[in-house]
Amino acid sequence: MIEKRKNNDGADVKRLCLITGASAGIGAALAWEFARAGWDLALTARREEPMITLAQELKQAFGTTSHILTADLSTPGACADILARLDKKGAQIDGLVNNAGHGLTGHFVDNEWEAHKDFLTLMLEAPTEMTHMVVAGMKRRGFGRIINVASLAGHIPGSRGHTLYSAVKSYLIKFSQSLNLEMQDHGVKVSALCPGFTYSEFHDVNGTRGMVDKMPDWMWMNADDVAQSGFMALERNDAVHIPGRANKGIALLVRLLPAKLALMLMSKNSDRVRKG
């Protein structure tokens, strides 16, 4: 259970965690973990109805108060707008989960630059900007929690198709490691959560469901298990966390293999999981 904090009137209030991409999958599962630990929530995503349902369920289960903010983080200025809306409510951000994202299928040259630009705004710029906007206050107050949802893809060689995905996830891992070190003495815990294949809507949205469903069962985790493992890793202040034995094994194997061999294996298997 997370300790409460004092508001301006000296009363005890719950801490508040802002979760992006909170309408489904790992984002919604992390909302359950934070609510179970005694947090209130600010939920943001493009779809409002699933967040309303989630907020009602959390209210009934834990008495959680949830602020619901529809937003598209691929739009410039979206981060500032979300925080301005919360500021008007008098909300103080004590935790942040940067989870919003999607996969851009196809080879790099087959997509227009605007599609790549929107992808980078959502997947790279938005989590970095949102973190920058809230972490100074966390440091000043001596308390904060930040999860950047990265991916096992950030630990393995790049593949054909989804060209920018593993590159962005690698960035989030290094960013989280550096920020974790910078915040070590300030009560702010930072962790990159790096799941592998996870049962969620992600593959339905990017059109690869038929491909990834051919992957063996041992490679899959459900979102609830990923979220629980990631939340525990955050409390331990693990700078990087790979949930699941299979995913840990894959990451270790890639580190041990010669780089050329690892890249060759990725090239051989790219078409099984990436839509070119």
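The values are calculated or read from the model by the stated rules, or taken from the named source; none is laboratory data. This one's a predicted model, so the numbers in the text were calculated from it and none came from an experiment. Cβ sites come from the backbone with ideal geometry, for glycine too, and all protein chains shown count toward neighbours.
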### Filtered residues of the stretch 8-23 (kept if in a loop (DSSP other than H, G, I, E, B) and under 16 Å from Gly144 (Cα atoms))
Lys14, Arg15
#### Entry: Scan of the stretch 117-167 for residues that are more than 16 Å from Val190 (Cα to Cα), crowded, with 20+ Cβ neighbours inside 10 Å and under 12 Å from the mean Cα position of the chain (by Cα), ordered by number
Leu122, Met123, Ala126
### Message
Quick check on the stretch 141-149. Is at least one of its residues touching a Phe, Trp or Tyr at 6+ places or on another chain (Cβ under 8 Å) and assigned to a helix (DSSP H, G or I)?
### Response
no
### Query
List the pairs whose first member sits in the stretch 80-91 and is among the β-branched types (Val, Ile, Thr), whose second member is surrounded by fewer than 16 Cβ atoms within 10 Å (Cβ to Cβ) and not in a helix (DSSP H, G or I), and whose Cβ atoms are under 7 Å apart, counting only residues at least 6 apart or on separate chains?
none
### Message
Criterion first (among the basic types (Lys, Arg), modelled with pLDDT of 85 or more and more than 18 Å from Gly27 (Cα to Cα)) does Arg255 satisfy it?
### Response
yes
### Task
Out of the residues in the stretch 1-27 that are out of contact with any helix residue (DSSP H, G or I) (no Cβ under 9 Å at 6 or more places or on another chain) and small (Gly, Ala, Ser), state the one that is surrounded by the fewest Cβ atoms within 10 Å (Cβ to Cβ).
Gly10
#### Entry: Matching residues in the stretch 222-238 - criterion: being under 14 Å from the mean Cα position of the chain (by Cα), of a type outside the set (S, T, N, Q) and more than 16 Å from Ile19 (Cβ to Cβ)
Ala233
### Summary
Checked Leu30, Leu54, Leu41 against criteria (touching a residue at least 12 places away in the same chain (Cβ under 8 Å), in contact with a helix residue (DSSP H, G or I) (Cβ under 7 Å, 6 or more places away or on another chain) and either of a type in the set (Ser, Thr, Tyr) or under 15 Å from Gln92 (Cβ atoms) (or both)); the one match is Leu41
